[in-house]
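The structure follows.
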Amino acid sequence: MLKINEEVCIGCGICESSCPFGSIEMTDGLPLVGDSCTLCGACVESCDVEALSIETGEKGGKADLNAWKGVFVYCEYRRGVLAPVSLELLGIGRRLAEIRGVQLSAVLIGNETGDTATQLIGYGADTVYRVDKPELASFSEDSYTAVLTSLIQEHKPEIVLAGATAIGRSFIPAVATTLNAGLTADCTKLEIREDDGALLQTRPAFGGNIMATIVCPDHRPQMSTVRPKVMKAMEFDGDRQGDIVEVSPPSSELNSRIKVLESVVSTETNVNIQESEILVSGGRGLESDKGFELIKQLADSMDANVSASRAVVDAGWIPYPHQVGQTGKTVAPKLYIACGISGAVQHVAGMQSSETIVAINRDENAPIFDVADFGLVGDVFEIIPKLIRKIEDKRGS
Ligand SMILES: Cc1cc2nc3c(=O)[nH]c(=O)nc-3n(C[C@H](O)[C@H](O)[C@H](O)COP(=O)(O)OP(=O)(O)OC[C@H]3O[C@@H](n4cnc5c(N)ncnc54)[C@H](O)[C@@H]3O)c2cc1C
């Protein structure tokens with residue numbers, strides 16, 4: 001909250017002109033703060049007489065950090081399928097919990113979740129809070145927010161992790177806001193600071209040009225979302241023991257204001273490049289949607305999936321679900337073949353964890369070669385048809 005010390009304020013109006021959001025209006029010689037204030041602090045810095053200050057922590061969180069203990073992982077379950085990112089989060093969650101010497105709990109929300117809770121224990125959870133209700137069969141922001149928020153309020157975990165999937169991005173910010181907690185989105189690295197046990201949340205910033213490490217010193221829980229394929233899942237251990245706790249939320253939490261009338265699965269966008277073992281990825285070097293057909297032919301020849309740089313998606317040669325990179329998907333296939341892709345940081349951020357990277361580019365200085373295991377310097381229109389012929393010869397078709 002922005003506080004104004006009326007006795008100190010001289011009514012100069014500098015704060016009004018310094019506010020980037022136009023949230024301050026001088027009224028009767030004093031600043032009046034509107035709803036659009038984001039607490040960015042620009043006015044506080046501009047005030048020479050120090051009449052303005054930001055008051056934090058009044059909604060709780062700062063209070064008693066020691067009251068918050070344990071690690072929570074939200075495990076996304078939809079239409080009978082557990083999102084693979086849930087297992088990756090349990091992998092990193094297990095590591096963080098062990099360093100902190102605390103319990104790792106999975107939160108499973110959905111309907112008819114079968115033996116998923118047992119699987120979550122095999123993948124590292126000590127406890128699974130299972131909220132299995134018909135009302136939660138379809139995802140809805142309000143009921144999922146209410147259910148997860150009240151579990152966090154009840155058990156007070158110091159860390160809450162969730163996948164940066166469409167669902168995670170949709171309701172985890174609402175959970176964080178309700179709890180008055182911070183939220184670091186799209187983390188690529190999570191570590192514990194030895195001095196005080198704080199969670200160090202690292203993510204790309206400024207268009208991927210720097211890596212920023214974010215710490216929440218005063219509030220709990222510390223909340224992060226992590227993109228699929230960034231962290232590694234543990235090996236499944238069927239002998240692991242854990243507790244499954246059935247949770248029955250009150251109807252006020254289960255009853256959503258949203259009615260799902262129909263779910264339509266788009267066949268065109270129903271590709272999950274994050275699950276592909278081989279990706280053939282095309283960039284602007286393919287010159288046109290006709291040129292991009294070569295990528296599809298190369299992919300077909302090796303039973304691979306097609307992905308692309310943002311330049312290609314922006315040009316409309318292929319839809320967004322195929323985009324790799326900072327604003328697309330993070331992928332880690334066994335083989336990633338980058339054709340006519342320069343290797344901008346924002347693209348590399350999404351594919352550098354691939355096991356083997358092959359790059360084809362006519363510019364020998366293209367940055368993609370810095371991350372490639374094998375590089376072919378040359379024209380995609382010459383190299384790709386030869387590659388297809390070779391592969392087809394080998395496969396005998
Ligand atoms: C905030 C932000 C987020 C972004 N997010 C993403 C993202 O998620 N994913 C992403 O990909 N980009 C992203 N970008 C864009 C990124 O910066 C680059 O502009 C983009 O990746 C470039 O795509 P490209 O490599 O296909 O095209 P270019 O950079 O134009 O590269 C084309 C390459 O093809 C080569 N080439 C040309 N003709 C041939 C030929 N005949 N044979 C062989 N090689 C040839 C050229 O030498 C060149 O290296 C983002 C940018 C910003 C600012």
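Condition first: crowded, with 16+ Cβ neighbours inside 10 Å and either touching a Lys or Arg at 6+ places or on another chain (Cβ under 7 Å) or outside any loop (DSSP other than H, G, I, E, B) (or both). Now tell me which residues in segment 161-177 satisfy that. Step through it out loud before you land on a result.
We begin by selecting, within segment 161-177, every residue crowded, with 16+ Cβ neighbours inside 10 Å; these are 161-165, 167-168, 171-176.
Selection gives Leu161, Ala162, Gly163, Ala164, Ile167, Gly168, Phe171, Ile172, Pro173, Ala174, Val175, Ala176.
Identify the single condition in (1) part of a strand (DSSP E or B); (2) touching a residue at least 24 places away in the same chain (Cβ under 8 Å) that Leu200 does not satisfy, given that it satisfies every other one.
Answer for Leu200: the failing condition is (2).
Ok, one more. Being out of contact with any helix residue (DSSP H, G or I) (no Cβ under 9 Å at 6 or more places or on another chain) and either of a type in the set (S, T, N, Q) or within 11 Å of the ligand (Cβ to nearest atom) (or both) is the filter here; which residues of segment 279-295 pass it?
Residue satisfying the conditions is Ser288 alone.
Taking segment 325-361 as the search range and keeping residues that are without any contact (Cβ under 8 Å) to a residue 24 or more places away in the chain and hydroxyl-bearing (Ser, Thr, Tyr), which one is nearest to Val226 (Cα to Cα)?
Step one: filter segment 325-361 for residues without any contact (Cβ under 8 Å) to a residue 24 or more places away in the chain, giving 327-328, 348, 352, 355-359.
Imposing the further condition that a residue be hydroxyl-bearing (Ser, Thr, Tyr) reduces the set to 327, 356.
Values: Thr327: 13, Thr356: 23 Å.
The extreme case among them is Thr327.
Does segment 343-397 hold any residues that are near the ligand (Cβ under 9 Å from one of its atoms), touching a strand residue (DSSP E or B) at 6+ places or on another chain (Cβ under 6 Å) and part of a helix (DSSP H, G or I), and which are they?
The answer is Ile368, Val380, Ile383.
For residues that are touching a helix residue (DSSP H, G or I) at 6+ places or on another chain (Cβ under 9 Å), part of a loop (DSSP other than H, G, I, E, B) and either farther than 19 Å from Leu294 by Cβ or more than 11 Å from the ligand (Cβ to nearest atom) (or both), tally how many sit in segment 314-342. If you could, list the steps in order and put the result at the bottom.
First pass over segment 314-342, keeping only residues touching a helix residue (DSSP H, G or I) at 6+ places or on another chain (Cβ under 9 Å): 315-333, 337-342.
Right, trim to part of a loop (DSSP other than H, G, I, E, B) and you get 315-319, 325-328, 330-333, 340-342.
Now narrow it down to the ones that are either farther than 19 Å from Leu294 by Cβ or more than 11 Å from the ligand (Cβ to nearest atom) (or both): 316, 318-319, 325-328, 330-333.
Summing the residues that are touching a helix residue (DSSP H, G or I) at 6+ places or on another chain (Cβ under 9 Å), part of a loop (DSSP other than H, G, I, E, B) and either farther than 19 Å from Leu294 by Cβ or more than 11 Å from the ligand (Cβ to nearest atom) (or both) in segment 314-342 gives 11.
Pull out all pairs, ordered by first then second residue, where Cβ-Cβ is under 7 Å, the residues are six or more apart or on different chains, the first lies in segment 280-303 and is farther than 17 Å from Gln323 by Cα, and the second is outside any helix (DSSP H, G or I) and within 14 Å of the ligand (Cβ to nearest atom).
Leu298/Val280
For segment 296-308, check the following and say yes or no: at least one residue is among the β-branched types (Val, Ile, Thr) and within 12 Å of the ligand (Cβ to nearest atom). Don't jump to the end; show me each part of the working.
Initial filter on segment 296-308 (among the β-branched types (Val, Ile, Thr)): 306.
With the extra rule that they be within 12 Å of the ligand (Cβ to nearest atom), the set shrinks to none.
Taking every residue of segment 296-308 in turn, none turns out to be among the β-branched types (Val, Ile, Thr) and within 12 Å of the ligand (Cβ to nearest atom).
Okay, moving on. Keeping to segment 269-293, report how many residues are of a type in the set (Asp, Glu) and within 24 Å of the chain's Cα centre (by Cα). Give the derivation first.
Our first condition is that a residue be of a type in the set (Asp, Glu); within segment 269-293, this holds for 275, 277, 287, 289, 293.
From what's left, within 24 Å of the chain's Cα centre (by Cα): 275, 277.
The qualifying residues number 2.
Which is of a type in the set (S, T, N, Q), out of contact with any helix residue (DSSP H, G or I) (no Cβ under 9 Å at 6 or more places or on another chain) and either closer than 10 Å to Leu2 by Cα or modelled with pLDDT under 90 (or both), of Ser53, Ser36?
Details: Ser53 fails: out of contact with any helix residue (DSSP H, G or I) (no Cβ under 9 Å at 6 or more places or on another chain).
Within the list Ser53, Ser36, the selection yields Ser36.
Every residue, every condition in (1) over 27 Å from the mean Cα position of the chain (by Cα); (2) at pLDDT 95 or above; (3) surrounded by 15 or more Cβ atoms within 10 Å (Cβ to Cβ), yes or no:
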| site | (1), (2), (3) |
| --- | --- |
| His219 | no, no, yes |
| Thr225 | no, yes, yes |
| Asp237 | no, yes, no |
| Gln241 | yes, yes, no |
| Val247 | no, yes, yes |
| Arg257 | no, no, no |
| Leu261 | yes, no, no |
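Identify, please: which residue in segment 178-190 is assigned to a strand (DSSP E or B) and away from the ligand (no atom under 16 Å from the Cβ) and is, among those, surrounded by the fewest Cβ atoms within 10 Å (Cβ to Cβ)? I'd like the intermediate steps shown before the answer.
In the first step, residues of segment 178-190 are kept if they are assigned to a strand (DSSP E or B); the result is 183-187, 189-190.
Cutting the leftovers down to away from the ligand (no atom under 16 Å from the Cβ) gives us 183-184, 187, 189-190.
Details: Leu183: 21, Thr184: 22, Cys187: 23, Lys189: 14, Leu190: 23.
Here the residue is Lys189.
Is there any pair with a first residue in segment 362-386 that is free of Cβ contacts under 8 Å to residues at least 40 places away in the same chain and a second that is more than 9 Å from the ligand (Cβ to nearest atom) and part of a helix (DSSP H, G or I) whose Cβ atoms are under 9 Å apart and which are 6 or more apart or on different chains, and what are they?
Between residues of segment 362-386 that are free of Cβ contacts under 8 Å to residues at least 40 places away in the same chain and residues that are more than 9 Å from the ligand (Cβ to nearest atom) and part of a helix (DSSP H, G or I), the close pairs are Asp363/Phe369; Gly375/Phe369; Leu376/Leu387; Val377/Phe369.
Let me ask you something else. Give the number of residues within segment 1-43 that are farther than 16 Å from Ile54 by Cα and in contact (Cβ under 8 Å) with a residue 40 or more places away in the chain.
Of the residues in that region, 1 qualify.
Still on this structure: Is it the case that Arg193 is within 27 Å of Gln323 (Cα to Cα), surrounded by fewer than 17 Cβ atoms within 10 Å (Cβ to Cβ) and either out of contact with any strand residue (DSSP E or B) (no Cβ under 8 Å at 6 or more places or on another chain) or at pLDDT 90 or above (or both)?
Values: within 27 Å of Gln323 (Cα to Cα): no; surrounded by fewer than 17 Cβ atoms within 10 Å (Cβ to Cβ): yes; either out of contact with any strand residue (DSSP E or B) (no Cβ under 8 Å at 6 or more places or on another chain) or at pLDDT 90 or above (or both): yes.
Criteria not met by Arg193.
Taking segment 165-176 as the search range and keeping residues that are in contact with a strand residue (DSSP E or B) (Cβ under 8 Å, 6 or more places away or on another chain) and not hydrophobic (A, V, I, L, M, F, W, C), which one is farthest from Glu275 (Cα to Cα)? Spell out how you get there, then give the answer.
Filtering segment 165-176 down to residues in contact with a strand residue (DSSP E or B) (Cβ under 8 Å, 6 or more places away or on another chain) leaves 165, 167-169, 172-173, 175-176.
Still in the list and also not hydrophobic (A, V, I, L, M, F, W, C): 165, 168-169, 173.
Working: Thr165: 14, Gly168: 18, Arg169: 20, Pro173: 26 Å.
Result: Pro173.
On the given criteria, is Phe236 over 23 Å from Glu76 (Cβ atoms) and in the same structural domain as His155 (by TED's automatic domain parsing)? Lay out the reasoning, then the answer.
Working: over 23 Å from Glu76 (Cβ atoms): no; in the same structural domain as His155 (by TED's automatic domain parsing): yes.
Answer is no for this residue.
The values are calculated or read from the model by the stated rules, or taken from the named source; none is laboratory data. Computed from a predicted structure; not experimentally measured. So basically every Cβ, Gly included, is an ideal-geometry build from the backbone, and we count neighbours across all protein chains shown.
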